[in-house]
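One structure coming up, written as structure tokens, with questions to follow.
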Amino acid sequence: MSPTKESREEAIKRLNKSASALEARTQADKSAEVAAQKVVGQAYRIIAELLGGVAIGLAFGFGVDRLFGTTPMGVVGGVLLGFALSIYMARRTANRLMAQAKAAGLPQQGEPIIEADDEDRER
């Protein structure tokens, strides 16, 4: 017995279907890779904001020390001010990213747990 022969049109349809499935898988892999690269870029941005704020504060404090002769206090104050500024900037960036994720309808992971008040516990 010879294997069943399919018509030319059926073979073309089958190959087109296989090609479409392969293209869809490839497209999904590319979109996942692009999303991963975006997340890494955003993480690097937050790290740069944290380190940059402290470095700017350190430089500012050193300048104040040199200008006014308050040797350790300018550096200490500058580092603390830079640290506070960097935390503020990183938090602002994280909030912006979370708002973008909510707008895109992405699922939230690690949502905060809201504990019941004392009045709610008594009920």
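Go through (1) exposed (fewer than 10 other Cβ atoms within 10 Å of the Cβ); (2) within 27 Å of A84 (Cβ to Cβ); (3) not hydrophobic (A, V, I, L, M, F, W, C) for E49 and report which single condition fails.
With respect to (1) exposed (fewer than 10 other Cβ atoms within 10 Å of the Cβ); (2) within 27 Å of A84 (Cβ to Cβ); (3) not hydrophobic (A, V, I, L, M, F, W, C), E49 is out only on (1).
Being among the charged types (D, E, K, R), surrounded by 15 or more Cβ atoms within 10 Å (Cβ to Cβ) and in a helix (DSSP H, G or I) is the requirement here; does E23 meet it?
For E23, the condition - among the charged types (D, E, K, R), surrounded by 15 or more Cβ atoms within 10 Å (Cβ to Cβ) and in a helix (DSSP H, G or I) - is not met.
Let me ask something else about it. Select from region 61-92 the residues that are surrounded by 15 or more Cβ atoms within 10 Å (Cβ to Cβ) and among the hydroxyl-bearing types (S, T, Y) and list them in ascending order.
Passing the criteria: only S86.
Let me ask you something else. Of the residues in region 12-56, how many are of a type in the set (D, E, K, R) and under 14 Å from the mean Cα position of the chain (by Cα)?
4
Return the residues of region 31-55 that are among the acidic types (D, E) and over 30 Å from G77 (Cα atoms); say none if nothing qualifies.
E33 - this is the single residue of region 31-55 that is among the acidic types (D, E) and over 30 Å from G77 (Cα atoms).
Does A59 satisfy being over 17 Å from the mean Cα position of the chain (by Cα) and either assigned to a helix (DSSP H, G or I) or of a type outside the set (D, E) (or both)?
So A59 passes the test.
Name every residue in region 52-98 that is touching an Asp or Glu at 6+ places or on another chain (Cβ under 7 Å) and polar (S, T, N, Q), in order of residue number.
The answer is T71, S86, T93.
Taking the condition under 25 Å from V39 (Cα atoms), assigned to a helix (DSSP H, G or I), at pLDDT 80 or above and within 28 Å of the chain's Cα centre (by Cα), does I87 pass?
yes
The values are calculated or read from the model by the stated rules, or taken from the named source; none is laboratory data. Since this is a predicted model, take the numbers as computed values, not measurements. A quick note on method: Cβ atoms are made from the backbone with ideal geometry, for glycine too, and the neighbour counts reach across all protein chains shown.
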